[in-house]
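The values are calculated or read from the model by the stated rules, or taken from the named source; none is laboratory data. None of these values were measured; they are calculated from a predicted model. Using ideal geometry, Cβ is built from the backbone for each residue, glycine included, and neighbour counts are taken over all protein chains shown. Quick note on the areas: whole protein, heavy atoms, side chains included, nothing else; ligands and nucleic acids left out. Shrake-Rupley method; radii C 1.70, N 1.55, O 1.52, S 1.80 Å.
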Amino acid sequence: MSTTFPPGFLWGGATAANQVEGAYAEGGKGLSIQDVMPNGIMTPRTAEPTPDNLKLEAIDFYHRYAQDIELFAEMGFSVYRFSIAWSRIFPNGDDAEPNEEGLAFYDRVLDELERHGIEPLITMSHYETPLAIAEKYDGWVSREVIGLFERYARVLFERYGHRVKYWLTFNEINSVLHAPFMSGGINTPKDRLSATDLYQAIHHELVASASATRIAHEIDPDIKVGCMVLGMPIYPLTPDPADVLAAMGADHSNLMFSDVHTRGRYPGYALRFFRENGIELQITDEDRSLLAEHTVDFVSFSYYMSVCETADPSKKVAGRGNILGGVPNPYLPASEWGWQIDPVGLRLILNQFWDRWGKPLFIVENGLGAKDQLVESADAVDGFTVLDDYRIDYLNAHLVQVAEAVADGVEVLGYTTWGPIDLVSASTAELSKRYGFIYVDRDDDGTGTLARYRKKSFDWYREVIATGGASLRQG
Ligand code: BG6
């Protein structure tokens, strides 16, 4: 067993604007798709924001960022991943000029991080496309959105590029296959969306990502731009070659994204899939050269769980897992939300990605969503705490596997846990699905003081960071 992490390894946490900021109509911000998604991904959008949408206030990071970053610093974070709300910068997505108030907000966040010596890692689009882009352009289905994203990207790199080295283009880009509105801003309901439009939207995002990479490198060659995928090992349910093939097919549907991001062209299996499914994409020569010449500098991914796949329709029961679905694994326990816990899967996927793409990897999300109980405690600095040993066990087990992958020779840049502070869930829009080291007093019915409390895992993570992983429990 190894618990050695490379020198300069970045330790921290990750959030997304719509899940923490709140202030959905302040500072000149326009509406984003999240402002009309009160119930998470699997339910239809509303016509306009409704009061039951917890994201409208979220955890009020917009006003409390300094206090929250201070707590991250207390844990010793060397990196903080957050997203910029596109609709704060371009309220309608296609405005001629950016919104200065929105830009100034992120200046202040960056000032605070700088003050604490925390490296920022910025996601440019984390499930929060401006609503106007969804309504006017049908999101990424329209080629015009590439130009809108390029304009947004240029503004961000020019404004912040000198102080932000690490950038991600699209959060979990592969999730668009399952959640086209949330992930691709595609307003056409999923059951009416044609495969051609879906893959054309994906193509536009891939081109926009390459184009943003080009712009970043032109502005400052030291900027590192990464892609971000939902990482999930897909095991064959049995050793039956038909199951192994089914698992390979399901894996390909996700791997295609980073294959294009890193190799600059569509792989043969994707071209075959397009051919056999009557998908005819509009791909220009300029698209081809952008993809080929501006591949990503690194690959980042989220990791929560693994799933199985089978060719046998009678065994194809849907798991209660995350966005990508999949068949449950009989060998693994699950979280309260049915996400199957598989630390070894993280080592496997780190090896798979490294062997396949040879690009540095960054684990930018990992964590356990659980129901927490705030209890009074005389020993706790805040008078109350959460005894979240289950979260410590989860994170410890995953970090041990990261160290194993490092020992396997995989280049890993860093690790940011998902939701270092409790936030609104993306899939279910609940606050009771808590991931944080910091408890936020807010409930699913919107009540609560929004006060912050350090959980037991807060001290645990501080120790892990301070010892560079040496304090991790083995076994
Ligand atoms: C990832 C997303 O899918 O998982 C995050 O990038 C999300 O936005 C996280 O919050 C955890 O999922 P959930 O549904 O528990 O919030």
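Phi-derived couplings, Karplus 6.51 cos²θ - 1.76 cosθ + 1.60 at θ = phi - 60°, listed residue by residue for the range 23-40: 6, 5, 10, 9, x, x, 5, x, 6, 10, 4, 5, 6, 10, 10, x, 10, x Hz, with x used for Gly and Pro.
The label point for Leu348 and the one for Glu101, both projected 7 Å from the Cα toward the Cβ, are 5.0 nm apart. Subtracting the Cα-Cα distance of Tyr390 and Ser377 from 0.36 nm times their residue separation leaves 2.8 nm of extension gain. Ellipticity at 222 nm from helices only: DSSP H runs of n ≥ 4 in the chain, each -39500 (n - 2.57), divided by the residue count, give -12000 deg cm²/dmol. The Cα-based radius of gyration and maximum Cα-Cα distance (Dmax) for the range 10-466 are 20.8, 67 Å.
Extension gain, Thr238 to Arg115: 0.36 nm times the residue separation minus the Cα-Cα distance gives 39.0 nm. Close amide H pairs (under 5 Å, H built 1.01 Å from N) link Phe362 with Val299, Ser300, Phe301, Leu413, residues at least 5 positions away or on another chain. Once both labels are positioned 7 Å from their Cα atoms along Cα-to-Cβ, the gap between Gln282 and Asp251 label points is 3.6 nm. Entry comment: accessible area of the chain is 37 Å² per residue, from protein heavy atoms only and a probe of 1.4 Å. Sites listed here are chymotrypsin sites (Phe, Trp or Tyr not before Pro) in the range 303-403 whose DSSP assignment is loop and whose Cβ has at most 14 other Cβ atoms within 10 Å: Tyr331. Couplings 3J(HN,Hα) for the range 53-60, derived from phi with the Karplus relation 6.51 cos²θ - 1.76 cosθ + 1.60 (θ = phi - 60°), are 7, 4, 6, 4, 10, 6, 10, 6 Hz, where x marks Gly and Pro.
Counting 0.36 nm for each residue step from Asp441 to Asp94 and taking away their Cα separation leaves a gain of 121.2 nm.
In this structure the amide hydrogen of Thr123, modeled in the peptide plane, comes within under 5 Å of the amide hydrogens of Phe82, Ser83, Ile84, Leu168, none closer than 5 places in sequence on its chain. Of the accessible area of the chain, computed with a 1.4 Å probe over protein heavy atoms only, carbon and sulfur atoms account for 51 percent.
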